[in-house]
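Derivation of every value follows stated rules applied to the coordinates shown; laboratory data play no part. Keep in mind that this is a model prediction, so the values were computed, not measured. In this analysis, Cβ positions are derived from the backbone assuming ideal geometry, glycine residues included, and neighbour counts consider all displayed protein chains.
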């Protein structure tokens with residue numbers, strides 16, 4: 001058991017090894033659980049050594065969420081990965097999933113710990129985990145928690161990478177709460193976004209620990225593009241909507257608990273929120289990743305608490321956070337993804353969830369993952385966890401793609417990640433559609449008028465009117481519905 | 001406050017009224033919350049009187065779930081309903097939704113209480129509630145709980161129908177637990193499917209009570225058809241799957257907590273489960289409706305506890321239950337739909353959820369609600385609540401429709417209620433496809449080989465192979481994907 005101020009990275013008498021040595025002994029067709037979420041806190045040296053090995057591997061890799069190049073680029077390009085869960089976001093893994101070389105199953109983040117630990121989705125042989133410190137029967141993870149605790153519990157063997165570039169102070173961010181297996185699961189006791197109910201370390205059976213590898217390499221940082229005019233207009237429409245909503249929604253009368261999706265748009269949206277006047281309301285972030293935009297809000301005192309499972313910063317953000325980590329220790333909490341994304345907490349805290357999408361149809365079904373219904377981009381990640389269970393689920397996206405040539409508001413999305421039963425509000429740079437309580441036909445009119453780009457409104461209206469003439473609760477003409485997909 | 005053994009149906013000095021009198025004063029464009037779920041426990045006399053009134057009405061009606069003919073047939077056919085949430089299941093309301101005369105918004109059952117009470121979906125003017133007893137500031141609901149407590153809380157005015165055909169003993173089934181509004185919601189304290197955390201009555205501000213109407217009419221009973229050969233084969237395949245699953249799934253090692261969808265197939269599946277040997281495991285039902293099949297299991301001692309929000313029996317089942325109600329009081333619990341369908345409880349209890357569908361596509365997306373993507377049947381009901389959050393989500397359906405002319409396994413469903421991220425196992429009369437951990441291409445092969453009818457397998461395989469030649473994580477040819485829809 002670690003105390004709360006571990007100063008030694010590796011306890012005495014642990015089985016130190018080199019990454020190359022671990023790779024030499026690594027089982028060729030293992031099912032592997034790796035740490036990592038939001039492209040940070042993932043093991044680097046062992047995957048790289050396996051990728052560089054002359055041996056043939058056919059691994060199944062389960063992660064928390066997205067991981068960096070050593071796994072989803074190098075290992076995948078080496079042909080060493082046969083199967084991958086529950087999320088990926090790099091071009092190599094995406095290409096392999098789309099060609100069929102990689103068997104990829106894209107799952108809700110909140111449920112994946114259970115699916116591995118109790119759900120018969122993957123039977124883990126080995127957990128490979130990045131940590132800032134390790135003892136005989138405990139380890140302290142680094143910049144993300146993801147599904148690491150569940151993987152360590154369920155794997156037969158454990159390999160730990162101690163990354164000396166990750167500050168030991170990270171231990172003070174961690175709140176690792178473990179749940180019993182159903183049906184003996186306890187009510188989740190977290191009562192506020194900043195509450196603490198767990199510990200800073202993951203315990204394990206000491207017999208599992210096979211190797212400890214020293215590393216010293218920063219996480220692959222995020223690269224955020226500068227906000228575009230469209231991003232800024234979306235952010236401004238969202239801020240306007242929220243400024244009105246908080247005045248009328250009883251759930252938001254004292255506290256606003258926000259979640260934003262990952263990426264450049266999400267980062268831009270956080271910026272707009274920071275500049276919105278919510279009166280005396282406390283503002284918290286309760287999501288899956290903490291991005292640069294939140295640091296500004298914390299620094300300016302506009303954000304009370306930020307809770308997530310990953311510190312997904314840009315390179316500048318990473319440096320800024322690490323250099324000033326002491327000032328963030330009280331306001332930033334990292335949790336396992338089964339807690340950060342837990343449906344009951346999104347519900348309990350009355351989350352305002354803002355997630356992006358590839359496209360939305362005129363009736364409010366959302367495609368977050370597959371271009372033309374076929375080509376995987378990343379994965380659903382936590383968007384389903386938050387959208388379904390939030391008090392105010394909001395989808396934010398530009399109205400067009402490809403420089404304005406394609407409408408992102410379409411007659412029917414060819415892949416549905418979020419259903420008409422889940423989404424309440426849609427925001428584009430054109431405006432806001434509040435779909436609450438609206439029938440499909442009413443939704444179509446609102447989405448076309450308020451959210452579609454003016455250059456596509458006539459065609460969308462024509463589709464809708466033609467289909468409506470044929471009747472139906474959700475009027476569609478299946479013969480022409482996908483003429484909009486290119 | 002009621003005690004646990006109320007014997008008087010109507011307290012002294014309450015404002016008794018006739019249904020016709022209530023209808024005369026009823027606001028013409030009110031937003032109305034009615035009791036009722038699973039077509040039972042809904043108000044009968046007041047809706048009937050409004051339907052028979054010579055006045056014009058344009059009502060918004062929110063219910064728990066499905067209600068009987070007085071509302072979704074008589075009122076709808078009288079043209080008195082403009083808007084309807086969150087579920088309907090009668091031919092008149094369905095026709096009105098499909099013609100566009102009725103603005104219908106189909107929502108997840110678990111979330112609808114909140115959407116009305118805190119979520120700005122509907123601002124209730126009046127709650128019209130069937131009860132077995134009423135006092136100055138409390139009432140005891142009848143055969144279903146649904147969203148009644150939330151509606152009573154949020155409506156400005158309250159009208160109570162006291163139905164003397166409903167036994168007073170129903171009070172002992174009720175476990176009405178109310179939750180705080182987010183973000184001050186407490187962890188839900190229910191620790192087992194049969195646990196009790198609430199009270200038998202709904203409290204209200206005594207100033208709200210405008211009228212009490214005496215009635216004496218049974219609920220519209222369910223009519224279950226006899227199980228077909230296909231139903232029996234689906235049930236037998238499901239039972240075989242479960243018999244193996246319980247041996248390997250740690251969540252099912254001691255207790256099996258089952259949920260089944262509503263209807264004849266669900267009722268037949270319960271029968272098959274009753275005849276399956278689960279060893280020494282305790283079997284509980286934790287779902288939204290209690291149907292006839294569960295009474296057999298309770299009588300035979302094969303079921304420990306049945307928890308739901310509605311007693312949706314056939315006429316025979318209703319009589320059998322009411323005549324022997326004393327023997328069921330300890331083993332049957334009724335809860336508000338926000339509890340019976342709560343995501344965190346489906347997760348906590350490790351539910352095995354079995355829900356039907358209209359059709360499923362070869363990649364595992366499920367359509368439960370819209371024929372050809374357009375024509376509404378009933379609604380999603382609680383299937384999304386259970387499918388997404390269950391330990392083992394199972395979709396059970398026949399492989400064909402229209403006497404074998406149509407395949408229910410199709411290339412792409414034209415409406416998605418449950419996504420590829422939600423479903424684990426599919427059962428038809430042909431067999432079982434265990435999709436856990438499988439890529440879309442692997443799922444396609446399993447679903448075509450194990451679940452599709454043999455007469456459609458070649459065509460489905462041809463579609464899949466053609467699409468696969470074009471690549472993509474979920475191979476599709478959008479030009480021909482809906483050629484399967486008729």
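If you line up the Cα atoms of chain A on their principal axes, what length do they span on each, largest first, in Å?
75, 52, 45
Between residue B:299 and residue B:217, what is the FRET efficiency for a Förster distance of 30 Å, r being their Cβ-Cβ separation, to the nearest 0.05?
Values: r = 28 Å, r/R0 = 0.92.
It comes to 0.65.
If you average the sequence gap of Cα pairs under 8 Å that are 6 or more apart and divide by the length of the stretch A:229-470, what percent do you get for the contact order? Could the numbers behind the result be given before it?
Numbers: 468 pairs, mean separation 44.2, N = 242.
Relative CO of the stretch A:229-470 lands at 18 percent.
Shortest first and in nm with one decimal, please list how far the residue A:316 label point sits from its counterparts in the other copies (point 7 Å along Cα→Cβ).
For residue A:316, the inter-copy label distances come out at 7.5 nm.
If you take the beta carbon distance between residue B:205 and residue A:181 as r and set R0 to 56 Å, what does 1/(1 + (r/R0)^6) give as a FRET efficiency, to the nearest 0.05?
Values: r = 43 Å, r/R0 = 0.77.
Efficiency, from the Cβ-Cβ distance: 0.85.
From the helices alone, meaning DSSP H stretches of at least four residues, give me the mean residue ellipticity at 222 nm for chain A, per-run term -39500 (n - 2.57), in deg cm²/dmol to the nearest 500. Kindly include the intermediate steps, with their values, before the conclusion.
Details: 15 runs with 132 residues, N = 486.
It lands at -7500 deg cm²/dmol.
Can you grab the distance from the C-alpha centre of the stretch B:178-203 to the C-alpha centre of the stretch B:318-357, Å, no decimals?
Here the two parts' Cα centres lie 15 Å apart.
Roughly what percent of Cα-Cα pairs across the protein assembly as shown reach past 45 Å?
Working: 129405 of 471906 pairs.
I get 27 percent for the Cα pairs in the protein assembly as shown exceeding 45 Å.
Assume the label is 7 Å from Cα along Cα to beta carbon: what separations in nm does residue B:471 have to the matching positions in the other copies?
The answer, with the shortest distance listed first, is 4.5 nm.
List, shortest first and in nm to one decimal, how far the label point of residue A:53 (7 Å from Cα along Cα→Cβ) is from its counterparts in the other copies.
Taking the point 7 Å beyond Cα along Cα→Cβ, the inter-copy spacings are 7.7 nm.
Where in the stretch B:109-140 does the label zone of residue A:248 land, with the point 7 angstrom along Cα→C-beta and an amide N cut-off under 16 Å?
B:115-125
Report the relative contact order of the stretch B:390-486, percent, no decimals, based on alpha-carbon pairs under 8 angstrom and at least 6 residues apart. Present the calculation step by step, with values, prior to reporting the outcome.
Details: 116 pairs, mean separation 26.8, N = 97.
Normalised by residue count, the contact order of the stretch B:390-486 is 28 percent.
Spin-label point model (7 Å from Cα, Cβ direction): what's the residue B:275 to residue B:53 distance in nm?
5.2 nm
With labels modelled as points extended 7 Å from the Cα through the Cβ direction, what inter-label distance (nm, one decimal) is found for residue A:196 paired with residue A:91?
Those two pseudo-labels are separated by 4.3 nm.
So how do B:388, B:83 line up by other beta-carbon neighbours within 10 Å, fewest first? Don't jump to the answer; show the numbers that get you there.
On the way: B:388 27, B:83 19.
Listed from fewest to most nearby Cβ atoms, that is B:83, B:388.
Please compute the Kirkwood hydrodynamic radius over the stretch B:380-455, one decimal place, Å, based on all pairs of different Cα atoms.
Details: mean 1/r = 0.0771 Å⁻¹.
After inverting the mean inverse Cα-Cα distance, the result is 13.0 Å.
I'm a student and want to see the number: the projected area of the Cα convex hull of the stretch A:229-470, averaged over all directions, in nm².
On the way: hull surface 52.9 nm².
Spelled out: convex hull of the Cα atoms, projected over all directions, averaged, 13.2 nm².
Of all DSSP beta bridges in the stretch B:16-215, what percent run antiparallel (nearest 5)?
On the way: 7 of 32 bridges.
Among the beta bridges of the stretch B:16-215, antiparallel pairing accounts for roughly 20 percent.
With both partners inside chain A, how many of the DSSP beta bridges are antiparallel, as a percent to the nearest 5?
If we restrict to bridges inside chain A, about 25 percent are antiparallel.
Quick one: B:285, A:104, B:328, B:42, fewest Cβ neighbours within 10 Å first, how do they rank? Present the calculation step by step, with values, prior to reporting the outcome.
Details: B:285 29, A:104 24, B:328 21, B:42 33.
Fewest to most other Cβ atoms nearby, the residues stand as B:328, A:104, B:285, B:42.
Quick one: length gained pulling residue A:13 to residue A:29 fully straight, 0.36 nm per residue minus the C-alpha distance? Working shown, then result.
Values: separation 16, 0.36 × 16 = 5.76 nm, distance 2.94 nm.
Full extension from residue A:13 to residue A:29 adds 2.8 nm.
Helix B:229-248 against the longest principal axis of chain B: what's the angle in degrees, Cα atoms only, rounded to the nearest 10?
The two axes meet at around 80 degrees.
For chain A, what relative contact order do you get, as a whole percent, if you take Cα pairs closer than 8 Å and at least 6 residues apart? If you can, show how the numbers build up before the last one.
Numbers: 1140 pairs, mean separation 69.2, N = 486.
Reported as a whole number, the value is 14 percent.
Taking only Cα atoms, what is the 0 to 90° angle, nearest 10, from helix A:454-469's long axis to the longest principal axis of chain A?
70 degrees
Based only on other Cβ atoms within 10 Å, what is the fewest-to-most ordering of A:137, A:422?
Working: A:137 17, A:422 23.
Arranged by neighbour count, lowest to highest, A:137, A:422 become A:137, A:422.
Suppose R0 equals 60 Å; then what is the FRET efficiency for residue B:402 and residue A:316 from their Cβ-Cβ distance, rounded to the nearest 0.05?
Details: r = 62 Å, r/R0 = 1.03.
Efficiency for this residue pair is about 0.45.
Run through the DSSP bridge list for the stretch A:229-470 and note the antiparallel percent, rounded to the nearest 5. Working shown, then result.
Values: 10 of 34 bridges.
Roughly 30 percent of the beta bridges in the stretch A:229-470 run antiparallel, per DSSP.
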